[in-house]
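Peer 1: Questions regarding the structure given below will be posed in turn.
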Amino acid sequence: LVENRLSPLKEEDITNILYRGGTILGTSRTNPFKISGGVDKVVSTVKANDLEAIVAICGDDTIGVAHKLNKLPQPIPAIGVPQTIDNDIAGTDYAIGFDTAMATATEAIERIHTTAESHHRIIVVEVMGRDAGHIALESGIAGGADIILIPEEPIDIKDVSARLKAMQTKGKRFAIVVVAEGATLSGGEQVVRTKKTDMFGHAMLGGIAEYLSEELAKNTGMETRFTILGHLQRGGNPTAFDRLIATRLGFGAIELVNQKKWDYMVCIQGNKVIFVSLDNALQVKPVDKKLYELAKKFD
């Protein structure tokens, strides 16, 4: 929109894409409100191409942009469709991509069990999740992790070490620790690769698994390794559930446009398609506390 690079979407463009991961549209982390003249360029593009509305298929940052476009002095109609593997958008039970990422992470954790057990090691597995630990929690439970660490609860290294030592005492000679990339230390800080931020003010996260691996090795005396799943979680064919969710949300988006119900997001709640205002969707959705408490009982 900023560069006026548009292309008509034809029927042949979408034939047989149901089975493919990623997006044929491409994606970016561009924030027109942070670019000099960016919003004016978006307005110009919308007018020049006689666009009725913008359908933002996105995570929380772009939802914020869509909401702001609706609030301009001369509003640009926009709606949202939740798509983020973090699954942290308020108002919807599921976002497109989460189930596939969770399934991929689960399989990776299962595979790591083999080497952890045979070599009697602690292995720390870092998964995605900036502000919410949905992937870590659900893949950790499904993959049989011993300890799960999420952004919603600061990490107490001494407590984690004590739990691992207790497992040793019981005779368990290996352990799997799953940690979300955005998990915070007891002081509230996140581990980042670089302090340089993107257009939405986010630093590049990464390295919490390596940090934990070193600290846990010192505190427990056990051989410790770490692995970062990274962009592996973003690829591959979508699960059947993700395909179903995407289809239902897509038809819901069409309904929103037909109703001219701007500044809303199409959501899934309790297996029903509903509409939630973009303003309400901007809040970060934390993990289910009861599910997290259940996960703590595994060690």
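Peer 1: In the range 209-235, what residues are of a type in the set (A, V, I, L, M, F, W, C) and modelled with pLDDT under 90?
Peer 2: If the condition is that a residue be of a type in the set (A, V, I, L, M, F, W, C) and modelled with pLDDT under 90, then 232 is the only one that fits.
Peer 1: OK, next. Going through the range 49-93 one residue at a time, which ones are in contact with a Ser or Thr (Cβ under 7 Å, 6 or more places away or on another chain) and either closer than 23 Å to residue 8 by Cβ or among the hydroxyl-bearing types (Ser, Thr, Tyr) (or both)?
Peer 2: 56
Peer 1: In the range 63-92, what count of residues is obtained for those that are more than 23 Å from residue 22 (Cβ to Cβ) and assigned to a loop (DSSP other than H, G, I, E, B)?
Peer 2: So the answer is 9.
Peer 1: Considering the range 147-204 alone, what residues qualify as being in a loop (DSSP other than H, G, I, E, B), at pLDDT 75 or above and buried (at least 18 other Cβ atoms within 10 Å of the Cβ)?
Peer 2: Within the range 147-204, 150, 151, 152, 174, 181, 182, 183 meet the criteria.
Peer 1: Additional query: If you check 226, 251, 241, which single one turns out to be of a type in the set (Phe, Trp, Tyr), over 30 Å from residue 169 (Cβ atoms) and touching a helix residue (DSSP H, G or I) at 6+ places or on another chain (Cβ under 8 Å)?
Peer 2: None of the other options fit; the residue is 241.
Peer 1: Also: Counting only residues that are in a loop (DSSP other than H, G, I, E, B) and of a type in the set (A, V, I, L, M), which one in the range 1-32 is surrounded by the most Cβ atoms within 10 Å (Cβ to Cβ)? Walk me through it before giving the result.
Peer 2: Within the range 1-32, the subset in a loop (DSSP other than H, G, I, E, B) is 1-10, 15-31.
Checking the rest, the ones that are also of a type in the set (A, V, I, L, M) come to 1-2, 6, 9, 17-18, 24-25.
Numbers: 1: 21, 2: 17, 6: 12, 9: 10, 17: 11, 18: 11, 24: 9, 25: 9.
Here the answer is 1.
Peer 1: In the range 15-28, is there at least one residue being touching a Leu at 6+ places or on another chain (Cβ under 8 Å) and either closer than 29 Å to residue 235 by Cα or assigned by TED's automatic domain parsing to the domain that holds residue 255 (or both)?
Peer 2: To start, the set of residues in the range 15-28 that are touching a Leu at 6+ places or on another chain (Cβ under 8 Å) comprises none.
Scanning the range 15-28, I find no residue that is touching a Leu at 6+ places or on another chain (Cβ under 8 Å) and either closer than 29 Å to residue 235 by Cα or assigned by TED's automatic domain parsing to the domain that holds residue 255 (or both), so the answer is no.
Peer 1: Now, a different point. Take residue 287 and tell me if it is under 23 Å from the mean Cα position of the chain (by Cα) and assigned to a loop (DSSP other than H, G, I, E, B).
Peer 2: yes
Peer 1: From the list 92, 62, 100, which residue is among the hydroxyl-bearing types (Ser, Thr, Tyr), under 15 Å from residue 267 (Cα atoms), under 26 Å from the mean Cα position of the chain (by Cα) and crowded, with 16+ Cβ neighbours inside 10 Å? Before you say what the answer is, go through the steps one by one.
Peer 2: On the way: 62 fails: under 15 Å from residue 267 (Cα atoms); 100 fails: under 15 Å from residue 267 (Cα atoms).
Result of the check over 92, 62, 100: 92.
Peer 1: Mind listing just one residue for me: the one in the range 223-252 that is in a loop (DSSP other than H, G, I, E, B) and either acidic (Asp, Glu) or farther than 24 Å from residue 119 by Cα (or both) and, of those, nearest to the chain's Cα centre (by Cα)?
Peer 2: It comes out as 235.
Peer 1: Would you be able to say whether some residue in the range 106-119 is charged (D, E, K, R), buried (at least 20 other Cβ atoms within 10 Å of the Cβ) and in a helix (DSSP H, G or I)? Reasoning before the result, please.
Peer 2: Start the filter on the range 106-119 by keeping residues that are charged (D, E, K, R), which leaves 107, 110-111, 117.
With the extra rule that they be buried (at least 20 other Cβ atoms within 10 Å of the Cβ), the set shrinks to none.
No, the range 106-119 has no match at all.
The values are calculated or read from the model by the stated rules, or taken from the named source; none is laboratory data. Predicted, not measured: the structure shown is a model, and the values here were computed from it. Every residue, glycine among them, receives a Cβ derived from its backbone with ideal geometry; neighbour counts consider all protein chains shown.
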